[in-house]
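Quick notes on the structure that follows.
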């Protein structure tokens with residue numbers, strides 16, 4: 001959709017004084033006008049922009065220079081309207097009106113400033129009148145507001161349309177991503193009772209490195225050294241944890257240890273991994289079209305990836321039957337694979353993998369499934385978001401094999417929480433358990449000199 005069409009759409013969404021729409025929404029209009037005294041002025045500016053801006057400047061595929069020129073054009077035309085209307089407006093309010101217009105046309109409306117704030121890690125829109133953000137691991141209510149439900153839906157459509165996705169009554173939920181890779185989930189009424197809801201998990205403009213995670217206290221240098229060696233010797237690793245625990249960030253860091261000369265195929269519902277290597281092929285699922293056809297699932301992409309000559313397969317997250325195909329790939333020569341999964345502990349991750357394999361529709365006995373898991377998965381990295389908002393790898397656990405019908409696990413590193421300080425921050429220590437993993441000899445066989453004293457408990 002061109003910018004001119006978007007401006008037309010915004011113009012139609014404005015509530016004209018005395019209209020039937022205004023009469024039907026008196027309460028909403030009154031509250032909105034009270035919150036935004038310059039709404040009428042913004043409507044006139046929108047109309048003026050629609051008539052004056054050149055169409056060639058409004059192409060969707062703008063380069064950065066053209067984008068800056070468009071912002072300047074909007075600023076100049078906005079100044080013209082304000083002067084022509086002889087509106088008495090303070091310099092501060094004038095700048096805010098101009099920025100609101102730019103955000104609405106080029107950015108993502110009222111939440112654009114939050115998305116540009118480097119201290120904000122998540123943005124949560126709970127209907128038009130409530131927007132929360134996460135800062136330093138804590139949720140904070142902002143003063144950001146939307147005009148109404150339609151305004152929120154307009155922003156959702158602006159996010160998902162470039163990706164070929166849609167949101168409407170027949171498809172009221174959608175997963176998407178922003179141009180910078182930030183993850184987006186949106187759900188609209190009638191499923192969302194509070195109004196259209198947007199949840200955006202932001203990612204750093206520059207992907208976090210292993211040094212960053214060490215600095216944050218997510219892992220220790222010894223743990224990082226061990227995990228790098230595990231990736232280099234092609235162990236199959238599952239990063240487990242709850243929602244918002246930092247699994248994807250850790251998966252990105254682990255993926256950065258993959259040698260440059262290897263071919264990597266990534267498979268995700270909504271592409272968000274930020275791998276630094278050159279030879280990366282990214283695959284993304286596709287939802288069904290309006291007719292309910294054309295969907296491409298994770299399972300189909302995992303199967304297809306095996307025909308793409310991958311050295312490594314990185315699955316963004318396993319949620320269903322694709323777990324079986326991934327385990328089979330790990331057991332048939334595609335070692336060194338990486339993935340994430342939701343779980344509360346390493347043992348729970350194994351139970352979830354069992355359940356997901358059953359979801360594939362194959363009537364396999366539990367013993368056979370566990371044999372597959374024990375043979376395929378070498379290491380589980382369990383991450384957690386603690387009560388103070390910090391994210392830490394709380395366990396690095398080796399999958400040792402089967403004893404009878406039980407998969408045996410052994411913790412290599414563990415986080416021992418000791419309490420809280422006066423500021424409410426979690427106190428504890430990440431340290432080795434004193435047990436050397438069974439696959440330690442593989443490091444020497446691959447020429448990796450990993451000192452054995454990193455496994456010593458102190």
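At a Förster distance of 30 Å, what's the computed FRET efficiency of residue 457 paired with residue 344, Cβ-Cβ distance as r, to 0.05?
In this case the efficiency is close to 0.75.
Using the per-residue mean of other Cβ atoms lying within 10 Å as a proxy for protection, in what order, highest first, do the peptides 442-454, 177-189, 335-347, 411-423 fall?
335-347, 177-189, 411-423, 442-454
For the range 392-458 and the range 197-224, what is the centre-to-centre distance using only Cα atoms, to the nearest Å?
So the two Cα centres are separated by 20 Å.
Can you tell me the length gained on complete extension of the stretch residue 225 to residue 93, counting 0.36 nm per residue apart and subtracting the Cα distance?
Contour length minus Cα-Cα distance gives 42.2 nm.
Based on the alpha-carbon gyration tensor of the range 175-318 and its eigenvalue square roots a ≥ b ≥ c, which shape applies: rounded if a/c is under 1.5, prolate if not and a/b is larger than b/c, or oblate?
Since a/c reaches 1.5 but b/c is at least a/b, the shape of the range 175-318 is classed as oblate.
Based on the Cβ-Cβ distance from residue 257 to residue 417, what FRET efficiency comes out when R0 is 30 Å, to the nearest 0.05?
Calculated value: 0.60.
Shape verdict for the range 85-174, please, from the Cα gyration tensor: rounded (a/c under 1.5), prolate (a/b greater than b/c) or oblate.
Working: a/c = 2.01, a/b = 1.30, b/c = 1.54.
Since a/c reaches 1.5 but b/c is at least a/b, the shape of the range 85-174 is classed as oblate.
Rounded, prolate or oblate: which fits the range 325-458 when a ≥ b ≥ c are the square roots of the eigenvalues of the alpha-carbon gyration tensor, with rounded for a/c under 1.5 and prolate only if a/b beats b/c?
Judged from the Cα gyration tensor, the range 325-458 comes out oblate (a/c at least 1.5, b/c at or above a/b).
If we sort 296-304, 350-358 on the protection proxy, mean other Cβ atoms within 10 Å, highest first, what's the order?
350-358, 296-304
Readers should treat all values here as calculations from the given coordinates under stated rules, not as data from a laboratory. These figures come from a predicted structure and were not determined experimentally. Ideal geometry is used to build each Cβ from the backbone, glycine not excepted, and the neighbour counts take in all protein chains shown.
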